[in-house]
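Peer 1: The structure that follows is given in the form of structure tokens.
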Amino acid sequence: MKPRVAKGTRDFSAQEVAKRHYVMSVLRKAFERFGYSPLETPSFENLETLMGKYGEEGDRLIFKILRSGDFMKHAESDVPKASEIADKALRYDLTVPFARYVVQNAGQLAMPYKRYQMQPVWRADNPQKGRFREFYQCDADVVGSQSLWQEVELVHLYQAAFDALNLPVTIRLNNRKVLAGMAEVSGVGDRLVAFTVALDKLDKIGVEGVVNELLSKEFTLEEIEKLKPAMQSFATTNESIAFLRTWLSDSEIGIKGVEELTFVLDHAGNAPLIIDITLARGLNYYTGCILEVSANEVQMGSVGGGGRYDDLTGIFGLHDVSGVGVSFGLDRILLCLEELHRLPNTLESAPKALVFHMDTDQAKEGYQLTAYLRKAGISVDFYPEPAKWKKQFDFAEKRGIPFALLYGEEEMKQGVVQVKELRTGDQEAIRYVDLAAHLATR
RNA sequence: GUGGUUGUAGCUCAGUUGGUUAGAGCGCCUGAUUGUGGUUCAGGAGGUCGUGGGUUCGAAACCCAUCUUCCACCCCA
């Protein structure tokens, strides 16, 4: 058997973990600065909690867990349905478990409840570039407030987080009510989802592609002609707002959407926010504002997205609890930062020094030196075998350990240790009492 | 789920129309070198050719299945 990771999963080396922890710690600080509380939920849920929450397509992509024991016991045939032999499933996203948690603890939570959550999720999708079967989601959501100030705050959360990451972005904003208005004034209000799914692909397949997709979804040419204004782009946000006010003037919901857009825009301050009336996002539980973030200097899909969903907890029986939230795409953010060389070069994944195993007689002194430095808060490693120096140097080099600590009879007599910097080859004798302080500053 | 693509040493890859014992570079191990690595030189180990069937006198190569990689679609982060 050849050892390998399961399809669509990855191992993360020390260096990769260091980078991921860096981004997550920046996000965590931003979340907490904006008043969000952490939440963690189990990696698997009862199957019924997840099934039917992501559409038919989603059900297919949920990793299901076989019943314990005789899993065929409840099977009604030799080719049983998933729900007969599986009763649990791996978390597919963080939003549905969050909704479950809110409903389950509705009485206890102080509303509005703001939480952030950074945990892996699993999807039985076919992997491709930047898409995996196991990946992290970093979400911040707030439930229990319909105030548009929440949207404004999320825009500023995005701004603060990406500023801290030194990754310039553009936040695109639209509103589901505007899209509903477009559909309404074009007489296709009953096919809003099909319309938005097609429109969302505009930047990818162009006007012609969207028209073709609408045709294949049995929209008439006349209807498509009426929807065409949705596919144009505007030079300024003022222009697009003015256009929408005129176009959607006969649609109550459309005008409501325009007002919501305007409110967020008016209070966004200097956030890098633009209106994009072609932004649709496939997710059909969004009901109000929708957001998407893309990096300015890198050709990459979105590095974040989110929106308002008025009745997410309704699926668990708790109605009239409005929610709005955003997600950060950890893997893509990392790809951007790597491409732009914006990751701090101080990320530590290796000990600062390696104490050499000089020879068997001095092993005790070597280990004591190691223990002394560890107590002083320095990350050090002690080479466990009396190997050749070349081997110990190579080991340190390979692990990225910057300093080698060498000592012998002469040094011990003088109370010093030779500190050799591997990168430069420079070496100096440092007294025991100064050693911890010396290493701490390097 | 659909269509294409990929798999040979630890890593990156050669391997001719099917024909002796499957190669290279890097890495690894040993030595030149008993307290100062990275250079150099000499030697060495390491491969069920993804897996399972099939065709053939003969398969790393051709066929089928399966797993995996990457890409596109669906969908999505």
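Peer 1: Could you list log10 I(q)/I(0) for region A:248-317 at q = 0.11, 0.13, 0.16, 0.23 Å⁻¹, which the Debye formula gives when each Cα is one point scatterer?
Peer 2: Taken in order of the listed q values, log10 I(q)/I(0) reads -0.35, -0.49, -0.71, -1.19.
Peer 1: Something else now. Using the Kirkwood radius over C-alpha pairs as Rh, can you work out the diffusion coefficient of region A:232-286 via Stokes-Einstein at 4 °C, viscosity 1.567 mPa s, in µm² per second?
Peer 2: 106
Peer 1: For region A:46-198, what are the per-bin percents of Cα-Cα distances with bins 10 Å wide, up to the bin holding the maximum?
Peer 2: Binned Cα distances yield the sequence 9, 23, 33, 25, 8, 2.
Peer 1: Give me the angle, in degrees from 0 to 90, between the Cα long axis of helix A:14-33 and the longest principal axis of the Cα atoms of chain A, rounded to the nearest 10.
Peer 2: Once rounded, the angle reads 50 degrees.
Peer 1: Here is a further query. Can you tell me the mean projection area, over all orientations, of the convex hull of region A:228-347's alpha carbons? Units nm², please.
Peer 2: The directionally averaged projection comes out at 10.5 nm².
Peer 1: Could I ask something else about it? Quick check on chain A: helices-only [θ] at 222 nm, where DSSP H runs of length 4 and up contribute -39,500 (n - 2.57) each and the sum goes over total residues. Nearest 500, please.
Peer 2: Theoretical 222 nm ellipticity from helices: -12000 deg cm²/dmol.
Peer 1: In whole Hz, with x marking every Gly and Pro, tabulate ³J(HN,Hα) for region A:224-241 from phi via Karplus 6.51 cos²θ - 1.76 cosθ + 1.60, θ = phi - 60°.
Peer 2: So the Karplus estimates, Gly and Pro as x, are 4, 4, 5, 7, 3, x, 5, 9, 9, 10, 10, 6, 10, 5, 4, 4, 5, 4 Hz.
Peer 1: Among A:E252, A:E56, which comes first, second and so on when ranked by fewest other beta-carbon atoms within 10 Å?
Peer 2: With the sparsest Cβ surroundings first, the list reads A:E56, A:E252.
Peer 1: Give the Rg (one decimal place) followed by the Dmax (whole number) of region A:77-162, computed from C-alpha coordinates and expressed in Å.
Peer 2: Final numbers for Rg and Dmax: 17.3, 55 Å.
Peer 1: Kirkwood Rh over Cα pairs of region A:10-49 into Stokes-Einstein at 10 °C, 1.306 mPa s: D in µm²/s?
Peer 2: Details: Rh = 12.7 Å.
For the chosen part, D equals 126 µm²/s.
Peer 1: May I pose another question? For the ranges A:199-209, A:156-166, what's the packing order if you count other beta-carbon atoms within 10 Å of each residue, average per peptide, and put the highest first?
Peer 2: Highest mean packing first, the order is A:156-166, A:199-209.
Peer 1: What number results when the radius of gyration of region A:293-366, computed over Cα atoms, is divided by 2.2 N^0.38 Å? List each step's numbers first, then the result.
Peer 2: Values: Rg = 24.6 Å, N = 74, 2.2 N^0.38 = 11.3 Å.
Ratio of Rg to 2.2 N^0.38 Å for region A:293-366: 2.18.
Peer 1: Let me ask another. Using only the Cα atoms, work out Rg/Rh for region A:172-278, with Rh taken as the Kirkwood radius, to two decimals.
Peer 2: So for region A:172-278, dividing Rg by the Kirkwood Rh gives 0.97.
Peer 1: Okay, next question. How big is the charge dipole of region A:14-339 about its Cα centre, in debye rounded to the nearest 20, if each Lys and Arg gets +1 on its Cβ and each Asp and Glu gets -1 on its Cβ? Kindly include the intermediate steps, with their values, before the conclusion.
Peer 2: On the way: 34 positive and 46 negative charges, 165 e Å.
Dipole magnitude for region A:14-339 comes out near 800 debye.
Peer 1: Sticking with this one: Need the C-alpha centroid separation for region A:370-424 versus region A:325-351, integer Å.
Peer 2: So the two Cα centres are separated by 31 Å.
Peer 1: Could you give the spread of the C-alpha atoms of chain A along their three principal axes, from largest to smallest, in whole angstroms?
Peer 2: Computed over chain A, the largest-to-smallest principal extents equal 93, 61, 46 Å.
Peer 1: Another question about this same structure. Rg(Cα) of region A:353-440 divided by 2.2 N^0.38 Å?
Peer 2: For region A:353-440, the normalised Cα radius of gyration is 0.97.
Read-outs: derived from the displayed coordinates by stated rules, not from any lab. Just so it is clear, the model here is predicted, and its values are computed rather than measured. FYI the Cβ positions are ideal-geometry reconstructions off the backbone, even for glycines, and counts take in every protein chain you see.
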